Structure formats: C-alpha cells, structure tokens
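The values are calculated or read from the model by the stated rules, or taken from the named source; none is laboratory data. These numbers come from a predicted model, not from an experiment. Here Cβ is always computed from backbone atoms with ideal geometry, including for glycine, and neighbour counts include all displayed protein chains. Surface areas here come from the heavy atoms of the whole protein model, side chains and all, with no ligands, DNA or RNA. Shrake-Rupley method; radii C 1.70, N 1.55, O 1.52, S 1.80 Å.
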Amino acid sequence: MNKFLIGALALTATSATGIASESDWAGLDAELDSLSTSLAAQGDGPNLSGWIITSLRFSSDITVPNPADGSNNDLGGFNLDSVRLNVDGSVGEYSYFVSAEFGDADRESYDLSSLGTPGFADRNAVLLDAYVDWMVGDTVHLKMGNFRQPFSRSGLVTRNRTLFVDRTVIGDIFAGRQTGVMAHGDFEQVRWHVAAQNGLDGVGDDFLLTGRVAVDVIGAGVGDQEGAYGAGDETALTVGAAVADEAALQDGLQWTIDAALTSGPFYAQAEIVDFDEGTGTGGAFGRNWSGTDVADTTPWAATASYCFPDNDFEVAARWEDSDNSNNEEALTLGINKYVRGHDIKWQLSSTMFNTDIADGDADILSLALAMGF
C-alpha cells in the first residue's frame, strides 16, 4: 500500500507542473520523506496469536466435589487447561506484548491438594503479560510492565511448546508473572536477564531480584521449546544459571542450574533448584503436596525423549525429586502425536506420584489437545 501512496504523490506532482524545477523536486523529496517517516512511526501490528489447550484427566486416587449433591467423585473429566490470547506490535524502537488467560485458572500445574472443581471453573479473564520493551541499543533491551520471572528454563518455555501436558513442578513455581523492570540482551551465543520485580510484599520497597545467563555451548542452542521435534541433525546444548533473592524474606536466596540438549532425534533436559532456609512454605515444590516447608530443599528434575524419524511421534520420560522429608517423587511417561508441530499436537501422559505420606500416592492419566494460532 505504501508504494501506491508514494506513486500517487509522484504522479500528482508531475502532472500538475509538467516540467518540475529543482526546488519542486526538493519539495517532493521532503514530502516523500515525511510520508515514509509517518508510516514507519505507525509501527507493526497489532498482531493476534494464542492457543487452546484442552484435556481429559482420570485418577481413581483423587476425588473432586460433586456440586449436584455434595458427594465426592473420582477425577474423570474435561478441562480447558489454557485458552490464551496474545497481542503484540511495535512502534519505532518500542514494542509491546499483552496476554490474557481464559481457561480453567490457567491450569499450568496440577496441585494434588487443591484441584478445585474441573468443569465448573469461573472462566474469568486473567491478565498475564503486559509490558513495553525498549530497544536501547543493538543488543540491549529494557522491559517494563508485567512479565515472567527470568529464572528457570522450564518456567520460561512457552506454555504450548512443552513436552508434556504439564510443566515440571519447578517450572510451575517460576512460570508466574510479576510487575517490574528488566534489562536483557544477547551477545553472540550468550543471553542475559537482570530483573527487579515487586515480589511478595507487592508495591512495598522489598524487591524480587533475579539474574539469569544462558549460553549456547554447542551449536545454535535448543531454543524456546522442549523435545526433539524439529531439531536438526547437529548437536545443540544450552546451559543456563540463575540466582534470585526475595528481599521480603529474611533468607530468600534461590539459585538454579539447567541444561537442555538435542542430538538428532534425542532430547535431554535437567534442572536443579536450591531454596535457602526461609524461602517459602507449602510442600517440597511449593504446591502444597504435603504442607511441609519448602525451605532448605534442593528439588531436581530430569527429562529424556526420542522423536521418531518422520517427526510425527515423540516418546518421553521425566523424573522429579522433591528432596524433602516426605520423599515426594513423580515419574511421568508420555507420547506426543504432532499433527503440525507444536502448533497442533495430541499429548498422552501418565504421572505417578509417590510419597511417604499415608494414602498420598496418586496416578493420573491425561490426554490433551493443543492448537496454536
């Protein structure tokens, strides 16, 4: 459309004057430059994207309330795990991103002790991301608004690019958003983030401070997805490390190390987090599995998968260890059917939770369909 506008201006100018003088051409150049600047200032967007993730889950070990008569039924119903709408665009050196969730409470985690009532959720919109990103220089950006804490890789991977129906528990903890400011950038194979966010005391003056560095040690790196789907034949390895301090707590220091590797059809990922004493309460992973203190634990998770040569199916296994006194552990086995990569995929997974708490073990079978747009 810009070409038609510029062409029309030029045609009008030449037809009106017949033979233009140098000053006329100079004036026309100025008008064209002004028009070009005006069009550029309008920027790109807004662009709409998002996804729908819906699942069917079964477990004879978990009961959910029946609103009809007040009784308890075994888990066996459908969820709208995530219905996401994203809007992004840019104006000059500034870009924006806004996302809202319309699903069943953005069920990125599966909390055994607070399952709620699947199928009867209040599906009110929840604002997730809302930030402006300013390109300060060629490699440095400044982000301000509401955004995800830059801590663990499993928490930063986009929701519809995960290998299993649910994230790792560590990923769940650090997938939340906070309002604040963040400087970030990249230099060749290194990406870095330094953020100050509101944290536990809200708009108080104790900030949640986070710093993360990720390095593509081998190849071009693994990218923003889990699994081997779409990976090239060459080996790629990305290693990351982060440290965070929740200033609202007396001892709120946390650190993590994670690594992800693809080599042909094989994928592997490992992560470990250390919580300082006093970091928080509520279960080994912070999801109230047992009601114990999260403090002074070092949970970890390891994942491996194989994507068949035709890239249609991928099988995977994941082990999670809470490192707490109740010995809470989780083994998840899964298989994905890729219809159009991560944009359209079926996911079948079986998770087995084990704990020393009496009657605390639980098996969950999940079938999910994810579609991005």
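One decimal place: the segment residue 126-residue 312 gains 63.6 nm when fully extended, by the rule 0.36 nm per residue minus the C-alpha distance.
Net charge of the neighbourhood of residue 96, taken over other residues with C-beta under 13 Å away and scored Lys/Arg +1, Asp/Glu -1, is -4.
Positive contributions from Lys and Arg (+1) and negative ones from Asp and Glu (-1), summed over other residues with Cβ under 11 Å from the Cβ of residue 200, come out at -3.
Tell me, how many Å apart are the Cα centres for the stretch 333-373 and for the stretch 311-330? Cα centroid of the stretch 333-373 versus Cα centroid of the stretch 311-330: 11 Å apart.
Please report the relative contact order for the stretch 119-222, taking Cα pairs under 8 Å with a sequence separation of at least 6, and give it as a percent rounded to a whole number. It would help to have the intermediate numbers written out before the result.
Details: 177 pairs, mean separation 22.7, N = 104.
22 percent.
Using the Cβ of residue 132 as centre and a radius below 12 Å, the other residues enclosed give a net charge of -3, where K and R count +1 and D and E count -1.
Heavy-atom accessible area for residue 306, with the other protein chains in place and a 1.4 Å probe, reaches approximately 70 Å².
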